[in-house]
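Worksheet: the structure to be examined is printed underneath.
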Number of protein chains: 2
Amino acid sequence: MILTVTLNAALDVTYRVPTLAPGTEHRVEPGGTRAGGKGVNVARVLHALGHDTLVTGFAGGDTGRAIRAELDTAGIREALVDVDAPARRTVTIVSTEDGVATAFNEPGPRVSVEDWTRFVATYHSLATRAAVVVLAGSLPPGLPDHAYAQLIGATATPAILDTAGRPLVAGLAAHPRVVKPNAGELAAATGIDDPPAAARWLRERGAGAVVASLGPAGLLAVTGDGTWRVPCPEPVHGNPTGAGDACVAALAIGLAAGTPWPERLADAVALSAAAVAGPLAGDVDLDTYRRLAPRVEVLDAHADR
Amino acid sequence: MILTVTLNAALDVTYRVPTLAPGTEHRVEPGGTRAGGKGVNVARVLHALGHDTLVTGFAGGDTGRAIRAELDTAGIREALVDVDAPARRTVTIVSTEDGVATAFNEPGPRVSVEDWTRFVATYHSLATRAAVVVLAGSLPPGLPDHAYAQLIGATATPAILDTAGRPLVAGLAAHPRVVKPNAGELAAATGIDDPPAAARWLRERGAGAVVASLGPAGLLAVTGDGTWRVPCPEPVHGNPTGAGDACVAALAIGLAAGTPWPERLADAVALSAAAVAGPLAGDVDLDTYRRLAPRVEVLDAHADR
């Protein structure tokens with residue numbers, strides 16, 4: 001089982017309008033409400049691929065109840081911890097004429113010391129039964145930067161950390177097996193503009209491997225087994241939201257199975273592209289995945305060093 | 001007790017941003033979630049003025065639960081009927097730099113025949129105990145245009161109808177004591193551009209009185225006791241959302257008390273202005289109300305005919 005942790009789970013509301021016209025009233029259809037947050041999105045991809053997954057994190061209030069109900073409907077198992085403060089909501093307006101997304105993101109509930117203590121106990125019992133743990137997304141207000149480090153260090157289960165800023169840097173102390181920043185997060189966390197140098201900086205501070213998603217340029221992986229660049233075999237058009245989460249899902253599957261890095265990375269690139277091609281943000285197009293996976297070339301980039 | 005009926009109650013989510021920039025991500029603070037829908041807003045104003053009020057209508061699902069919880073927190077009594085389909089959500093983005101509001105409104109739940117039958121029974125027992133009934137807002141999908149007419153005709157309790165289009169015209173058959181269209185609704189329902197002529201058209205088809213809100217021009221009232229124009233004594237700046245609902249609240253209080261029309265209309269104009277000046281959409285600024293009420297001039301407009 002792959003456990004995904006979403007400390008700042010969200011109820012994602014998506015509205016489609018022909019075009020967003022500030023200052024006007026838009027009639028919108030309901031139905032675009034889904035459980036979200038990076039870890040939840042990773043679990044959705046794992047579930048779509050038939051992998052055993054379990055979602056945990058915080059989900060309080062009416063929004064938390066709606067998050068759990070939607071996961072239940074989708075058939076995704078969850079062990080979210082109920083807290084008093086309601087889970088955050090995100091609202092995204094997608095303009096169907098040009099595909100442009102406009103987002104409104106709440107910061108999330110304030111987590112108390114009691115909530116956290118209760119969560120750590122739940123997490124410990126779940127993580128010890130997991131093959132891999134994925135910790136993803138921002139921390140809700142009230143949690144210290146080292147919250148992810150505390151969770152990663154609580155068990156020997158291999159961990160993938162996908163977060164940004166200080167929680168990413170603080171998390172390195174607990175030796176996550178893999179961290180997966182995107183280009184902006186990599187530069188912001190390290191203060192280094194050169195991706196290979198920034199990735200090495202993260203490894204020197206405790207990351208087992210760094211897989212950086214560089215958008216259309218594909219992945220850069222700096223690992224103990226080698227350094228690779230993995231471009232996407234063809235340009236894919238669609239919604240890039242969720243591509244990073246699909247990448248993490250592939251990395252988690254590869255880590256759980258012990259797949260060699262080049263194969264793992266090829267899968268991650270193909271699955272990211274499948275997320276871009278997916279009909280809804282967070283969905284993967286399995287045809288795109290199966291078509292691209294055998295065509296991805298993994299390029300040895302050791303010389304870049 | 002004044003009963004307010006909101007067949008299409010909503011969970012209103014309001015986010016404040018400095019300026020709405022399409023295609024970008026906005027960090028927003030939560031906390032702007034309130035029960036909404038015109039009848040709910042009328043009840044909120046009545047409650048703020050210390051009047052006994054009761055909210056009914058439909059409120060299903062998680063959104064319905066959140067609507068009831070918010071009313072409970074606000075101290076507003078409710079007898080909303082729970083249904084399977086979740087209540088609609090509205091999202092409004094207010095740009096704090098220029099006050100411009102951008103709204104995204106869902107159509108509402110599909111009401112079944114069983115839901116409607118159950119509601120009519122509840123309504124009957126509540127309306128017979130009410131001094132005045134206010135029926136306000138759009139009809140949710142699934143209800144026929146004559147839904148309001150059916151409710152108004154079910155009891156002898158005097159009714160105020162604040163809706164638009166075909167539900168407004170169909171409602172006239174049941175002889176509401178007052179209808180309160182705005183300028184656009186008045187013209188759209190009647191096909192007549194001249195407000196006094198359009199108001200007379202509505203009276204001829206069954207409305208006891210027509211009070212049309214003409215925005216900054218104030219009110220036009222065509223009643224069996226006379227015709228009046230009631231301008232606002234001074235320009236008021238703020239958010240016009242909710243001004244119509246405050247107007248209806250004043251008309252309901254006046255109808256329940258049997259206040260003469262001129263006094264009732266002066267109160268309605270002052271309370272509408274107080275809603276424009278209110279800190280949040282739907283709130284009334286009681287200082288503005290008390291300051292303006294004695295200064296409103298009610299102009300005999302019988303000659304307009």
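Since every read-out is calculated from the coordinates, none of them should be taken as a lab result. If you're wondering where the values come from, they're calculated on a predicted model, not measured in any experiment. Backbone-built Cβ (ideal geometry, glycine too); neighbour counts: all protein chains shown.
Numbers for the structure displayed
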{"quantity": "13 Å beta-carbon shell around B:TRP261, net charge (K/R +1, D/E -1)", "calculated": "-1"}
{"quantity": "Other protein chain Cβ atoms within 10 Å, averaged over every residue that makes up B:8-17", "calculated": "1"}
{"quantity": "Peptide-level mean, for B:99-107, of C-beta atoms on other protein chains within 10 Å", "calculated": "6"}
{"quantity": "Assigned charges on the beta-carbon of Lys, Arg, Asp, Glu; the protein assembly as shown dipole about Cα centre (debye)", "calculated": "620"}
{"quantity": "Euclidean distance of C-alpha centroids, segment B:181-251 and segment A:204-224, integer Å", "calculated": "65"}
{"quantity": "Burial ranking of peptide ranges A:42-52, A:3-13 (average Cβ count within 10 Å, highest at the top)", "calculated": "A:3-13, A:42-52"}
{"quantity": "Label point 7 Å beyond Cα along the C-beta direction, distances from A:ALA183 to other copies (nm, shortest first)", "calculated": "5.2"}
{"quantity": "Under the Karplus curve 6.51 cos²θ - 1.76 cosθ + 1.60, θ = phi - 60°, whole-Hz ³J(HN,Hα) for segment B:144-158, x wherever Gly or Pro sits", "calculated": "x, 4, 8, 4, 5, 4, 4, 5, 4, x, 6, 9, 8, 5, x"}
{"quantity": "Label spacing, shortest first and in nm, from A:LEU286 to its equivalents in the remaining copies (7 angstrom along Cα→Cβ)", "calculated": "6.2"}
{"quantity": "3J(HN,Hα) from dihedral phi, segment B:76-85, Karplus parametrisation 6.51/-1.76/1.60, rounded to Hz, x for glycine, proline", "calculated": "9, 5, 9, 9, 6, 9, 6, 10, 5, 5"}
{"quantity": "Beta bridge orientation in segment A:2-304: antiparallel %, DSSP, nearest 5", "calculated": "40"}
{"quantity": "HN-Hα J in Hz across segment A:266-273 - Karplus 6.51, -1.76, 1.60, θ = phi - 60°, x for Gly and Pro", "calculated": "4, 4, 5, 5, 5, 6, 4, 4"}
{"quantity": "Calculated P(r) tail over 25 Å for segment B:151-305, as whole % of Cα pairs", "calculated": "24"}
{"quantity": "Cut-off under 5 Å, modelled amide H: who pairs with B:ARG88 long-range", "calculated": "B:LEU11"}
{"quantity": "Estimated translational D of chain B in µm²/s (Stokes, Kirkwood radius over Cα pairs; 37 °C; 0.692 mPa s)", "calculated": "169"}
{"quantity": "Test item: A:18-29 mean partner chain Cβ contacts at 10 Å", "calculated": "5"}
{"quantity": "Net charge over other residues, Cβ less than 9 angstrom from the Cβ of B:VAL210 (K, R count +1; D, E count -1)", "calculated": "+3"}
{"quantity": "Cα-based convex hull volume of the protein assembly as shown per residue, rounded to whole Å³", "calculated": "155"}
{"quantity": "Cα lying deepest toward the dipole's positive end in chain A, options A:GLY60, A:VAL132, A:LEU46, charges on Cβ", "calculated": "A:VAL132"}
{"quantity": "MRE, 222 nm, helices only [DSSP H, n ≥ 4, -39500 (n - 2.57), over chain B, to nearest 500]", "calculated": "-11000 deg cm²/dmol"}
{"quantity": "Among B:104-115, A:183-194, B:150-161, the order from most to least packed when residues are scored by Cβ within 10 Å on average", "calculated": "B:150-161, B:104-115, A:183-194"}
{"quantity": "Teacher prompt: B:GLU204 distances to equivalent labels in other copies, 7 Å Cα→Cβ, nm", "calculated": "8.8"}
{"quantity": "Protection proxy ranking of B:34-40, A:209-215, A:293-299 - average other beta-carbon atoms within 10 Å, highest first", "calculated": "B:34-40, A:209-215, A:293-299"}
{"quantity": "Cross-link partners of A:LYS180 among lysines (Cα-Cα below 18 Å; sequence separation of 8 or more within a chain)", "calculated": "A:LYS38"}
{"quantity": "Relative contact order computed over chain B (Cα-Cα under 8 Å; 6+ residues apart), in percent", "calculated": "15"}
{"quantity": "Spacing of the two label points (7 Å from each Cα toward its C-beta) at B:ASP145 and A:ALA173, in nm", "calculated": "7.0"}
